[in-house]
Amino acid sequence: MSVAIDQIPRLSLVGLLLAHVVVVLPYVGRVPHWLLAIVALCIFWRVMVFNELWRFPNTFWKTFLLIIGIIVIWLGDDQKIGLPISINLLILAFSFKLLEMQHERDAYVIVLLGYFIIAAQFLYRTDLFSFFYAFFCVLMLTGVLVSLSQGGVKKPKRRAWKVAVLMLLQSLPLMIVLFVFFPRIAPFLTLQAPTETARSGIADSMTPGDVSELSLSNALAFRAQFDDKIPNIQQLYWRSIVLSQFDGRTWSMDTNLIGQTGVLWQSEPVLNQILSNPKNTPLYYSIILEPTQNHYLVGLDLSFPKTPHIGITRSFHLVTQNTIDSAFKYQLVSFLNYRLDLQLDAWMQDRYLQLPQQGNEKSRALAQQWMQSVNGDVYQYIQHILHWFKTSGFVYTLQPDQLSNNVIDGFLFDKKAGFCAHYASALTYLLRAAHIPARMVVGYQGGELNPLGRYILVHQYDAHAWVEAWLGAQQGWVRIDPTSSVMPERITRGAEEVLSSQQAMANTGLLNIRRYWHQPMVKSIRLSLDYINYAWTRHVVKYDRVHQANFLTQRLHLAHLYDQVLWMMGLLGVITLLIASYLFRRQPSVKKDILDQAYLYFCQRMHRLDVTRFVGETPEQFCQRIRLLCPDHYMTAVRITRWYQKHQYQAVDLHHRRMAAEKIRQLAQKIASKKQ
């Protein structure tokens, strides 16, 4: 027979409701706001029911709320079928169950649903903070589970949370063994959940004229760890995508250069050919890229993948076969001194010279005029443009004004203010207008060194755009960064340190915090926390089949599956035996009552007179046996028995209980002295 949950003490119900809030809290911002309102309504309703102010909802209200919840979820999610809407339905069921929680078994169902919702959090985030938060949620739910199963519903035991902590600590060794040894089996279905995307960063198209204010974010883009020497900040140009098509306002990717026919998935022959040149010094490093929800990777120029399922496009940027919906670790080898496409096909030259037939006439005419003034010398023409950017009043700003339809003319002749995308777009246009093949490269520049792990932190505010120009068979593609002419500190010192001094940075709440980032104590704490999170991602989150095989074979020297399984089962058995031994040996410490101790002292004295009290024998029965076996001490036994019964089974304060215990001990000592 089930016990009504209304009889569960207030502490147990409050713990369950608090656990409900804590479990749903990470989904704020990921689920529709109306769904969160329904969750709050269910919690409030259950509180009112507990206080006997409201009743449980009837069938009509249950049906009505269910229909409203499903409609809210359906209308609030663009993806009608998939993992996000399934998580929303799970949260809805988790909350609605509160409104029919009339029996103890209903509470168990809520706790079990909570465990599933906690596990679903890792589909969004897998960092160390998420792990500790999930551990705290599991602790709360386990504490509620222990409290519900303790039996005495009218007297909830506060030690339920202590038991929950002990249970989780006992399970940790088993969890570690299973994590290290249990084979990583590829899932039959790939689950994808929308991740948190940064407010700025890399997009597959760019329209500088539509940007009135550069939105900055300190969200992490990726981490890079080098096997040997770390390049200086001027060399850290992280290539992501190449924009080569221009419609007059927007630069976009050329799909003919990144399609399946334009991707080299097996780059080993090309890599071996480059490595055979003694002038090329390889630079080996690994990158952990944060979720981007696209197929584009980042890497230094010129990069070749050492990780499977990564290809190189004809534009020399990296792509993957699968969407990056979680932290992705891959290894690269790069060459900072290189020459690309010394022989560029005619059809490719045409693509990199493409411009709209109309629009931006002033810029087109200026380019032709300058090219004639230098007698067609490409190098002098480029230097002339960069010198013009440096000496003609151009300003690097994060808050440029909006441009008209002719975005190039508006930037070069009217506004003369913008950020890296404006300068890269204008330079690419001027180069093409002078019949010089050019393209705009988008990625990141610079980064922050974390000395604890000797790796580079690259944030979204390090996003950058530059230009590559094809300078013939002697040079091939050459990088040109016009931003270095307008603000050279952006390249030599990094984006975060330079831009933090601008007024736009101070106007955002995020950067009010970042103005203190370079203080020694704040920086030390920030980098230490990031190193811990980096180690967690590298050694735990990215512990896949490849890393597991390397660890078991190289570190533990367990090459065969039989040995691995044998070690896993052996360790599990040893840990289980140790825990069981601890639980069996651990005896609860029960402190005896002072009256019981005094009466047992009397029984010990009678045992020396060969009168032993039987197991289960009452004090009155023992007294009658003393009358038969030892009549000389009968009256003393009567007095002790009466003192014990009076003060043990009646409401007597502690002072009188102590006096009675002392009196019993004195009488018992007289019995012992008579034996002597």
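The values are calculated or read from the model by the stated rules, or taken from the named source; none is laboratory data. Here the structure is a predicted model, which means the values were calculated and not measured. Here the Cβ positions follow ideal geometry from the backbone for every residue, glycine too, while neighbour counts run over all protein chains shown.
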For His464, state whether it is in contact (Cβ under 8 Å) with a residue 12 or more places away in the chain and not in a helix (DSSP H, G or I). yes
So which of Ala549, Ala535 ends up being surrounded by 14 or more Cβ atoms within 10 Å (Cβ to Cβ), part of a helix (DSSP H, G or I) and of a type in the set (Gly, Ala, Ser)? Ala549
Within region 109-123, can one find any residue that is in contact with a Gly (Cβ under 9 Å, 6 or more places away or on another chain) and not hydroxyl-bearing (Ser, Thr, Tyr)? no
Could you tell me which residue of region 214-255 is farthest from Tyr531 (Cα to Cα), considering only residues that are touching a Ser or Thr at 6+ places or on another chain (Cβ under 9 Å) and β-branched (Val, Ile, Thr)? Thr250
Pull out all pairs, ordered by first then second residue, where Cβ-Cβ is under 7 Å, the residues are six or more apart or on different chains, the first lies in region 625-649 and is touching a residue at least 12 places away in the same chain (Cβ under 8 Å) and surrounded by 15 or more Cβ atoms within 10 Å (Cβ to Cβ), and the second is in a helix (DSSP H, G or I) and among the β-branched types (Val, Ile, Thr). His633/Ile626; His633/Ile671; Thr636/Ile671; Ala637/Ile626; Ile640/Ile664; Trp643/Ile664; Tyr644/Ile664
Selection within region 421-438 - more than 17 Å from Gly248 (Cβ to Cβ), surrounded by fewer than 24 Cβ atoms within 10 Å (Cβ to Cβ) and in contact with a strand residue (DSSP E or B) (Cβ under 9 Å, 6 or more places away or on another chain): Ile436, Pro437
Within region 50-58, is even one residue under 29 Å from Leu148 (Cβ atoms) and among the acidic types (Asp, Glu)? yes
Need the failing condition index for Asn375 against (1) surrounded by fewer than 22 Cβ atoms within 10 Å (Cβ to Cβ); (2) not in a loop (DSSP other than H, G, I, E, B), just the number. (2)
Could you check region 356-366 and list, in sequence order, the residues that are at pLDDT below 90 and out of contact with any Asp or Glu (no Cβ under 9 Å at 6 or more places or on another chain)? Gln357, Gln358
Unmet requirement for Ala119, which otherwise passes all of (1) surrounded by fewer than 14 Cβ atoms within 10 Å (Cβ to Cβ); (2) over 30 Å from Ile288 (Cβ atoms): (2)
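Assess whether Tyr133 counts as being touching a residue at least 40 places away in the same chain (Cβ under 8 Å), in a helix (DSSP H, G or I) and under 15 Å from the mean Cα position of the chain (by Cα). Break it down into steps so the answer makes sense when it comes.
On the way: touching a residue at least 40 places away in the same chain (Cβ under 8 Å): yes; in a helix (DSSP H, G or I): yes; under 15 Å from the mean Cα position of the chain (by Cα): yes.
When the stated conditions are applied, Tyr133 passes them.
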Filter result for Ser485 (surrounded by fewer than 24 Cβ atoms within 10 Å (Cβ to Cβ) and assigned to a helix (DSSP H, G or I)): yes
Residues in region 188-206: is at least one of a type in the set (Lys, Arg) and at pLDDT below 55? yes
Quick check on this structure: which one of Leu342, Leu336 is assigned to a loop (DSSP other than H, G, I, E, B), of a type in the set (A, V, I, L, M, F, W, C) and under 30 Å from Asn533 (Cα atoms)? Leu336
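Among Ile85, Ile73, which is the only one that is in contact (Cβ under 8 Å) with a residue 40 or more places away in the chain and either closer than 30 Å to Tyr543 by Cβ or crowded, with 17+ Cβ neighbours inside 10 Å (or both)?
Numbers: Ile85 fails: in contact (Cβ under 8 Å) with a residue 40 or more places away in the chain.
Of the residues listed, the single one that is in contact (Cβ under 8 Å) with a residue 40 or more places away in the chain and either closer than 30 Å to Tyr543 by Cβ or crowded, with 17+ Cβ neighbours inside 10 Å (or both) is Ile73.
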What are the residues in region 601-620 that are farther than 17 Å from Ala668 by Cα and loosely packed, with under 12 Cβ neighbours inside 10 Å, if any? Phe614, Val615, Gly616
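Ser315 - would you say it is at pLDDT below 85 and closer than 11 Å to Ile241 by Cα?
Numbers: at pLDDT below 85: yes; closer than 11 Å to Ile241 by Cα: yes.
Taking the combined requirement at face value, the residue satisfies it.
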Matching residues in region 331-340 (crowded, with 19+ Cβ neighbours inside 10 Å and either at pLDDT below 85 or out of contact with any strand residue (DSSP E or B) (no Cβ under 6 Å at 6 or more places or on another chain) (or both)) number 1
Looking only at region 579-638, filter to residues that are among the basic types (Lys, Arg) and at pLDDT 85 or above; which one of those is nearest to Arg159 (Cα to Cα)? Arg613
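Which residue is nearest to the chain's Cα centre (by Cα), if the candidates are limited to region 309-331 and must be of a type in the set (Phe, Trp, Tyr) and not in a loop (DSSP other than H, G, I, E, B)?
The initial filter retains those residues of region 309-331 that are of a type in the set (Phe, Trp, Tyr), namely 316, 328, 330.
Subset that is not in a loop (DSSP other than H, G, I, E, B): 328, 330.
Values: Phe328: 13, Tyr330: 19 Å.
Within region 309-331, the match that is nearest to the chain's Cα centre (by Cα) is Phe328.
Taking the options Leu318, Leu297, name whichever one is touching a Gly at 6+ places or on another chain (Cβ under 6 Å), closer than 28 Å to Ala469 by Cβ and of a type outside the set (Val, Ile, Thr).
Numbers: Leu297 fails: touching a Gly at 6+ places or on another chain (Cβ under 6 Å).
Criteria check complete, one pass: Leu318.
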Residue list for region 5-54, filter: under 22 Å from Leu90 (Cβ atoms) and among the small types (Gly, Ala, Ser): Gly15, Ala19, Gly29, Ala37, Ala40
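Filter region 419-444 down to the residues that are under 30 Å from Tyr531 (Cβ atoms) and either among the basic types (Lys, Arg) or touching a helix residue (DSSP H, G or I) at 6+ places or on another chain (Cβ under 6 Å) (or both) and list them by number. Before the answer, list the steps.
So in region 419-444, the residues under 30 Å from Tyr531 (Cβ atoms) come out as 420, 442-444.
Matches in region 419-444: Cys420, Tyr444.
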With the structure loaded, tell me whether Thr612 is in contact with a Leu (Cβ under 6 Å, 6 or more places away or on another chain), of a type outside the set (A, V, I, L, M) and farther than 18 Å from Asp593 by Cβ or whether it fails that test. no
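Working only within region 388-425, note down all residues that are in a helix (DSSP H, G or I), in contact (Cβ under 8 Å) with a residue 24 or more places away in the chain and among the basic types (Lys, Arg). Explain how you work it out, then say what you get.
Of all residues in region 388-425, those in a helix (DSSP H, G or I) come to 388-391, 407-415, 420-425.
In the following step, the residues that additionally are in contact (Cβ under 8 Å) with a residue 24 or more places away in the chain were identified as 389-390, 407-413, 420-425.
Correct list: Lys390 only.
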